[in-house]
Amino acid sequence: MALNYIWIAFFIIAFVIASVKMVFLGDTNAFKVLVDGMFDSSKASVMDIALPLAGNMVLWLGILNIGDRAGAMNFLSRIVGPFLSRLFPEVPRNHPATGQMMMNFSANLLGLDNAATPLGLKAMGSLQELNPNKETASNAQIMFLVLHTSGLQLLPVTIIAQRFILHAKDPADVLLPCIIATYVATVTGMIAVAIKQKINLFDRVILSWLGGLTLFIAGLVWYFTTQLDKEQIATVSKVASNFLLFAIPVIFILGALRKRVNVFESFIDGAKSGFEVSVKIIPYLVAMLVAISVLRNSGALDYLNSGVKWAATKAHLDTRFVDALPVAYMKPLSGSGSKAMMISTMQTYGPDSFAGRLGSVFNGSADTTFYIVALYFGSVGIKRSRYAIPAGLLADFAGVIAAIFISYLFFG
């Protein structure tokens, strides 16, 4: 229901702003810009997102099926089962969804975007099998979605690569702020959903896992800051992500060979569903991306930024953070739009400016909430998202606030 009202609001806001521009400012192209954006975004939804996604879906669902028959999902379920069973009490122990969710979280952690989406859609499908009300999101689906949209990531490879392309002196200097900001977003989202679902966060298993993850991230931060220089950080991020992206299918194949599984047939069986899922989500992609396009092209985000800058000035605050805020506005709406805003910010102010660095941290602090809700829930026919969007946006907001404070701490 929330997505319905948000979708309607995007069009109405765009219409009102375009009307004001045309009537009071004499902008005769106001509506042409909106209409052109609608056609462009509807085409891009299919040609630039759905079709490339179909290829990734076919590939990774095939690989995931190999891993499933090799026993990888059961292995992961045994390791993380005690923790996830507390966060997802509706999911039976050793259910395939547990391993699939863990694979999705792992892909996100390592910045493996191409692998994370197909794995996540597969996990959402498994959770839908357990959902008693097929049109309403279950507690488990909401928890999974919010943890996914919070975007916990340890290797923001694409951000570092883009900063390198734009000739930043230290392309990897945003790595640690990104890790900290996205961790804050993830923990905030998890706590918010757990409180809503009355999950005991003081359970020893949950506290142990959260404490272990916190120590791991702290150790990673220490290692990067004390043992590696800037160039080495960029190299380690790039090499580690690409190595793991290729190592995963190799490990699955070797495991399948050990169990005498027909690897090729397993891949084909899993891949068959990839294209079907991609076709099914096209209407949801078109609907969401067109609505985002009209809101962005109306200039609503620019007006919002001007208002924030005015308020910050009146409050006698440093206003440098406002220059990077368009990245934060776009992140919950569109990954490609957020990336474009990040690049534009770095080109305008410089990749080594405060705004350029903060824009990079914003882009790495969370994931695209509205896009993911439309994509994941749409893939399984969920029509009522309940409180998934507010919880996801709360996590996004926490990531934005953390990004601002951490960037001032790191970059002055």
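The values are calculated or read from the model by the stated rules, or taken from the named source; none is laboratory data. Keep in mind it's a predicted model, so treat the numbers as computed, not measured. Don't worry about glycine lacking a Cβ; one is built from the backbone with ideal geometry, like all the others, and counts go over all protein chains shown. The area values use the complete protein model at the heavy-atom level, side chains included, leaving out ligands, DNA and RNA. Shrake-Rupley method; radii C 1.70, N 1.55, O 1.52, S 1.80 Å.
Could you say whether any residue in the range 220-233 is assigned to a helix (DSSP H, G or I) and either modelled with pLDDT of 85 or more or among the small types (G, A, S) (or both)?
Step one: of the range 220-233, the residues assigned to a helix (DSSP H, G or I) are 220-227, 230-233.
Now drop any that are not either modelled with pLDDT of 85 or more or among the small types (G, A, S) (or both), which leaves none.
No: zero hits.
Does any residue of the range 185-193 turn out to be without any contact (Cβ under 8 Å) to a residue 12 or more places away in the chain and either touching a Leu at 6+ places or on another chain (Cβ under 9 Å) or at positive phi (or both)?
Yes.
In contact with a Pro (Cβ under 9 Å, 6 or more places away or on another chain), of a type in the set (S, T, N, Q) and under 19 Å from V193 (Cα atoms): which single residue out of T368, T345 fits that description?
T368
Could you check the range 118-141 and list, in sequence order, the residues that are more than 18 Å from V193 (Cα to Cα) and either at pLDDT 90 or above or among the small types (G, A, S) (or both)? Explain how you work it out, then say what you get.
As a first pass, look at the range 118-141 and keep what is more than 18 Å from V193 (Cα to Cα): 118-123, 125-126, 128-130, 132-135.
If the condition is that a residue be more than 18 Å from V193 (Cα to Cα) and either at pLDDT 90 or above or among the small types (G, A, S) (or both), then G120, A123, G125, S126, Q128, E129, L130, P132, N133, K134, E135 are the ones that fit.
Conditions tested, residue by residue: (1) touching a helix residue (DSSP H, G or I) at 6+ places or on another chain (Cβ under 7 Å); (2) hydroxyl-bearing (S, T, Y); (3) surrounded by 22 or more Cβ atoms within 10 Å (Cβ to Cβ).
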| residue | (1), (2), (3) |
| --- | --- |
| R258 | no, no, no |
| G270 | yes, no, yes |
| F275 | yes, no, no |
| K280 | yes, no, no |
| L285 | yes, no, yes |
| V294 | yes, no, yes |
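For the range 117-147, enumerate the residues that are among the β-branched types (V, I, T) and surrounded by 19 or more Cβ atoms within 10 Å (Cβ to Cβ).
Within the range 117-147, T117, I142, V146 meet the criteria.
Is the range 349-364 home to any residue that is at pLDDT below 85 and open to solvent by 20 Å² or more (accessible area, probe 1.4 Å)?
Looking for residues that are at pLDDT below 85 and open to solvent by 20 Å² or more (accessible area, probe 1.4 Å), one finds none in the range 349-364, hence no.
Out of everything in the range 148-194 that is among the polar types (S, T, N, Q) and closer than 20 Å to Q347 by Cβ, what residue ends up being least open to solvent (accessible area, probe 1.4 Å)?
Out of the qualifying residues, it is Q162.
Mind counting the residues in the range 390-402 that are farther than 14 Å from M330 by Cβ and buried (at least 24 other Cβ atoms within 10 Å of the Cβ)?
Within the range 390-402, residues that are farther than 14 Å from M330 by Cβ and buried (at least 24 other Cβ atoms within 10 Å of the Cβ) number 3.
Please work out which one of (1) open to solvent by less than 80 Å² (accessible area, probe 1.4 Å); (2) over 30 Å from H167 (Cβ atoms); (3) free of Cβ contacts under 8 Å to residues at least 40 places away in the same chain is the condition L317 fails and give its number.
It fails just one condition, (1).
For the range 216-233, enumerate the residues that are within 18 Å of L109 (Cβ to Cβ) and open to solvent by less than 80 Å² (accessible area, probe 1.4 Å).
If the condition is that a residue be within 18 Å of L109 (Cβ to Cβ) and open to solvent by less than 80 Å² (accessible area, probe 1.4 Å), then I217, A218, G219, L220, V221, F224, I233 are the ones that fit.
Which of (1) over 21 Å from L152 (Cα atoms); (2) touching a Leu at 6+ places or on another chain (Cβ under 9 Å) is the odd one out, the single condition D68 does not satisfy?
Every condition holds for D68 apart from (2).
Taking interchain pairs and intrachain pairs at least six residues apart, which have beta carbon atoms under 7 angstrom, with the first residue in the range 142-153 and closer than 12 Å to A192 by Cβ and part of a helix (DSSP H, G or I) and the second basic (K, R) and modelled with pLDDT of 85 or more?
Every condition considered, the pairs that remain are I142/R386.
Which one is farthest from I49 (Cα to Cα) among residues in the range 257-280 that are touching a residue at least 24 places away in the same chain (Cβ under 8 Å) and among the aliphatic types (A, V, I, L, M)?
V261
Would you check which residues across the range 24-69 are at pLDDT below 85, of a type in the set (D, E, K, R) and more than 24 Å from Q100 (Cβ to Cβ) and list them?
D48
Filter the range 24-50 down to the residues that are more than 20 Å from L333 (Cα to Cα) and open to solvent by 70 Å² or more (accessible area, probe 1.4 Å), then identify the one that is nearest to the chain's Cα centre (by Cα).
Here the answer is K32.
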